[in-house]
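A short reminder: the numbers here are calculations on the coordinates, not readings from a lab. Owing to the predicted nature of the structure, the values given are computational and were not obtained by experimental measurement. In this analysis, Cβ positions are derived from the backbone assuming ideal geometry, glycine residues included, and neighbour counts consider all displayed protein chains.
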Amino acid sequence: MPSVVPPPARSYLPSMPTTELNTDVVLGVAIPSRNARGRIARLGPVVDSILASHNYPPVIEKLLAEAVTLTALLGALLKEPQGQLTLQAQTEGGVIDLMVCDYLGGELRGYVRHDPDKVAGLSETPILQELFGKGYLAITFDQPLANERYQGIVPLEGKSLAEAAQSYFGQSEQIPSLVRLAAEKRDGNWSAGGLLLQHLPEGEEGRERLHTRLDHPDWPHVAILGGSVKPDELTDPALPLDDLIWRLFHEEEEIRTLDAHNLARGCRCDPDYVRSVIARFPEEERRDMVGDDGFIRVDCAFCSTSFPIAPDEVG
């Protein structure tokens, strides 16, 4: 629990104690008196597991660690357990030409396609333009039960991925938002954290976006306090997320920690699925896919697994 005892007139409603709130978890947060709600997340072994499938240079590893954390924050906004969130950055003229991450049921995956020769010319802390050149960020929310699919696209602008995500909410959603992301290697292992805070109209979900006041007087207060979070606080696995929220907002009348979801690495590729995809192609095209070794080989970009499929196993 926080080391500072809250005043009697204020209340702090903790999350369920059954969920460990230090790492590989995303936690919901609400500040009712300020009409603000959001998510805070920290990832450790999940990021290490995702990165272990690739041999990225450190600057690309850090970017993907932040991108996966952002994906966890956004995915936790989905109302359906079967909902999927996909984050994609597609660019031209930069070190990176494609980055894809997605979230489904608390499982995360991601990969980056980049030019190794151009990485050597990067500064230690490159801005987005150095990494991506000219490009855009597309975020897709897919909720199959409600038959809802929504995609927002914004230019990849600003110094960081967090700034680009804030632009997404400001331009595509018309919702005042704060996004903070951080990632660092600690004793040979990655730790990444992120904070997403948003102003909701009168604290309600589901209202028309036109009713959201971009100049709501409570929002600058929330943004200043949330924006004071330090990168090492976001990445410190010894600091529980609910304690960090308390540090930032302990002067508010009430802080609520809401649903907490454990996070895991998950790639949905498997031999049966690969066979089913290949079977959709005409027989003539399948014959053209067969390599010199007599197999159709399919590589998964997310987990770097290669699937050798015999032609007689398909169709």
## Note on the structure
Among His250, Pro45, Val274, the residue whose Cα sits farthest towards the positive end of the charge dipole of the chain (+1 at Cβ of Lys and Arg, -1 at Cβ of Asp and Glu, taken about the Cα centre) is His250
## Note on the structure
Scattering profile of the chain from the Debye formula, Cα beads only, expressed as log10 I(q)/I(0) at q = 0.07 Å⁻¹, is -0.31
### Message
Averaging over every viewing direction, what projected area does the convex hull of the Cα atoms of region 229-287 cover, in nm²?
### Response
8.1
### Highest-fluctuation residue, Ala67, Ala182, Ala279 considered, GNM on the chain with Cα pairs under 10 Å
Ala279
## Note on the structure
The farthest towards the positive end of the charge dipole of the chain, of the residues Val95, Val179, His114, given +1 on Cβ of Lys and Arg and -1 on Cβ of Asp and Glu, is Val179
#### Entry: Highest-fluctuation residue, Val179, Val229, Val29 considered, GNM on the chain with Cα pairs under 10 Å
Val229
### Task
Tell me, rounded to the nearest percent, the portion of alpha carbon pairs in region 26-148 spaced more than 20 Å apart.
49
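So what's the back-of-envelope 222 nm ellipticity for the chain, counting only DSSP H runs of four-plus at -39500 (n - 2.57) apiece and dividing by all residues, rounded to 500? Please list the in-between numbers first.
On the way: 10 runs with 82 residues, N = 315.
After summing the helix terms and dividing by residue count, I get -7000 deg cm²/dmol.
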### Task
Relative to the compact-globule scaling 2.2 N^0.38 Å, provide the ratio for the alpha-carbon radius of gyration of region 271-313.
1.10
### Under the Karplus curve 6.51 cos²θ - 1.76 cosθ + 1.60, θ = phi - 60°, whole-Hz ³J(HN,Hα) for region 148-159, x wherever Gly or Pro sits
10, 9, 10, 10, x, 10, 9, x, 7, 10, x, 7
### Query
Quick one: putting +1 on the C-beta of Lys and Arg, -1 on the C-beta of Asp and Glu, what dipole do you get for region 233-289 around its Cα centre, in Debye to the nearest 20?
580
### Rg over Rh [alpha-carbon atoms, Kirkwood Rh] for region 74-123
1.15
### Task
Mind listing the long-range amide H neighbours of Glu254? Cut-off is under 5 Å, sequence gap 5 or more, other chains count too, H placed in the peptide plane at 1.01 Å from N.
Ser11, Ser33
### For Val298, residues with placed amide H under 5 Å, excluding near neighbours
Phe307, Ile309
### Summary
Final fewest-first order of Cys269, Cys101 on the 10 Å Cβ neighbour count is Cys269, Cys101
### Query
Hey, rough spin-label estimate for Ala120 and Lys159, points 7 angstrom out along Cα→Cβ, what's it come to in nanometres?
2.9
### Task
Among Ala192, Pro57, Pro144, flag the residue with its Cα farthest along the positive direction of the charge dipole of the chain, charges on Cβ as +1 for Lys/Arg and -1 for Asp/Glu.
Ala192
### Query
How big is the charge dipole of the chain about its Cα centre, in debye rounded to the nearest 20, if each Lys and Arg gets +1 on its Cβ and each Asp and Glu gets -1 on its Cβ?
520
